């Protein structure tokens with residue numbers, strides 16, 4: 001298998017102060033340099049200059065930098081680390097400012113306890129100071145499993161100058177969605193991109209994945225080649241036989257063994273940089289999601305169950321070891337997660353994701369999630385959800401365990417600066433039949449409230465038939481990404497659906 005070079009920097013997030021005030025911090029400059037050598041060795045250099053403007057920026061946000069690497073195969077060198085105070089005084093970081101620790105995601109994974117997170121504590125911080133950090137990670141030949149570079153290009157603080165340089169003896173394929181776009185300056189085998197004045201990410205919720213600009217480069221010339229390489233890692237690990245499993249060779253029993261008797265490790269594939277053999281995973285009784293997929297695949301092969309690997313990636317960026325999302329094992333037409341045993345729905349998985357089976361992209365048409373909820377309630381015998389307020393009784397309508405209310409979209413601002421994204425298209429219907437308590441009189445007036453627009457439709461209705469109150473609630477959403485031009489229509493639907501006046505019934509005792 002062709003070797004890849006992977007270097008991943010953990011981004012630090014910062015927040016904006018209220019509108020009109022200064023940012024918590026401003027990146028004056030970020031420089032990232034990648035050197036990909038023909039023998040498989042690599043060098044990565046990172047330099048940043050960041051001005052801290054608030055107490056929050058250095059007390060909670062930018063006081064430390066975290067660098068993950070593998071000392072068994074990589075060397076970390078801190079070239080420079082100092083703080084320039086507002087009056088020009090230089091405060092160099094002392095030796096005790098550099099403290100190696102175990103990354104939190106590797107705590108329960110002994111096989112990855114060689115990973116190190118260098119915690120760099122910046123000193124001499126004050127309002128208006130500038131932090132300077134410059135370090136290099138050098139990797140031995142044949143260690144790194146990725147020759148891909150993937151960067152989300154905006155932070156919640158603006159970046160004045162962002163430079164990316166890649167030197168490679170192999171041809172590069174690259175893509176970037178920063179606006180305005182920048183073509184690389186090329187000198188021999190060196191490509192340099194220089195981006196200016198990248199705006200800050202706005203602190204809005206449910207931001208569409210297409211909003212964040214990215215930069216991607218790879219020595220693999222096609223998406224298929226990169227996905228097949230990841231699939232090959234899993235298939236190779238699945239090639240080892242497993243003698244630990246003594247259970248029934250049915251897929252349901254194999255799934256139960258893999259998901260309940262083998263623990264889950266949170267080490268991402270990009271940091272694991274490998275997929276351990278299935279027998280080793282079984283012996284250790286834990287594994288990453290890719291390792292558990294290899295174990296499950298190996299057991300399926302031993303049981304002569306046709307199975308293959310299915311991977312998902314964000315739909316708006318090229319697939320890579322750096323952004324792989326989920327892995328499933330496909331048997332017949334069923335997708336099963338080796339992590340928790342849940343069954344994937346292709347029509348739902350394709351929201352915001354590209355789906356690849358054995359290295360080939362699957363073309364799947366998205367379909368709305370259908371939620372149908374019915375509840376019958378006799379308030380004479382079952383008083384759960386019923387409260388008393390003065391001389392009134394209030395019954396809160398129960399909500400289904402899936403559907404719109406589980407998305408936790410509550411109060412929406414009147415204006416929106418970025419496109420909003422919902423988890424999936426939706427057709428939800430809730431029907432209630434509530435028998436009123438003896439002697440109680442319905443105070444809530446019968447109603448029919450409907451809003452239909454470009455984004456979808458909400459219909460709420462309450463009727464009374466004798467001592468039974470019937471409530472029907474339905475919401476349909478036919479746009480997964482809501483552009484700012486349609487936000488007011490989406491907000492109207494949500495406000496009606498969330499209106500508390502229509503989520504309970506009130507009765508006079």
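Since every read-out is calculated from the coordinates, none of them should be taken as a lab result. What you are looking at is a predicted structure, and each value in this text was computed from that prediction instead of being measured. Virtual Cβ from ideal backbone geometry, glycine too; neighbours counted across all protein chains shown.
The simple Förster model, with R0 at 30 Å and r as the Cβ-Cβ distance, assigns residue 163 and residue 492 a FRET efficiency of 0.10. Against the chain, whose longest principal axis is taken from its Cα atoms, helix 251-260 shows a tilt of about 70°. Here each label is just a point 7 Å from Cα along the line to Cβ, and for residue 442 and residue 190 those points are 7.8 nm apart. From least to most packed, judged by other beta carbons within 10 angstrom and beginning with the fewest, 505, 254 follow the order 505, 254. Set the Förster radius R0 to 41 Å, insert the Cβ-Cβ distance between residue 360 and residue 59 as r into 1/(1 + (r/R0)^6), and round the FRET efficiency to 0.05. Using R0 = 41 Å, I get an efficiency of 0.25. Secondary-structure-derived ellipticity at 222 nm for the chain, considering helices only, amounts to -3500 deg cm²/dmol, per-run term -39500 (n - 2.57) for DSSP H runs with n ≥ 4. Using a simple spin-label model with points 7 Å from Cα along the Cα→Cβ vector, what separation in nm is obtained for residue 170 and residue 79? Modelled inter-label distance: 2.5 nm.
Taking every Cα-Cα distance in the chain and sorting them into 10 Å bins starting at zero, the pair-distance distribution P(r) comes out as 3, 15, 21, 22, 19, 12, 6, 2, 0 percent. Taking the Cα centre of each part, how many Å lie between region 427-500 and region 198-249? Going from one Cα centre to the other spans 40 Å. Straightening the chain between residue 91 and residue 508 buys 143.0 nm, computed as 0.36 nm per residue apart minus the Cα-Cα spacing. Remark: 407, 356 ranked as 407, 356, counting other beta-carbon atoms within 10 Å and listing the fewest first.
Between the Cα long axis of helix 223-237 and the first principal axis of the chain there is an angle of about 90°, rounded to the nearest 10. Residues 87, 148, arranged from fewest to most other Cβ atoms within 10 angstrom of their Cβ, appear as 87, 148.
Each listed q (0.22 Å⁻¹) maps to a log10 I(q)/I(0) for region 77-212 from the Debye sum over equal C-alpha point scatterers, namely -1.27. Taking a point 7 Å out from the Cα of residue 283 in the direction of its Cβ, the residues of region 224-261 whose backbone N falls within less than 16 Å of it are 237-245.
Reducing region 28-79 and region 250-268 to their Cα centroids gives an inter-centroid distance of 36 Å. Here the relative contact order of the chain, from alpha carbon pairs under 8 Å that lie six or more residues apart, stands at 11 percent. Report, in degrees rounded to the nearest 10, the 0 to 90 angle that the Cα long axis of helix 487-498 makes with the longest principal axis of the chain. Taking Cα atoms only, the helix is inclined about 50 degrees. Put a dot 7 Å past the Cα of residue 119, heading toward its Cβ, do the same for residue 388, and the two dots end up 5.4 nm apart. Here the calculated FRET efficiency for residue 241 and residue 261, from their Cβ-Cβ distance with R0 = 22 Å, stands at 0.80, rounded to the nearest 0.05.
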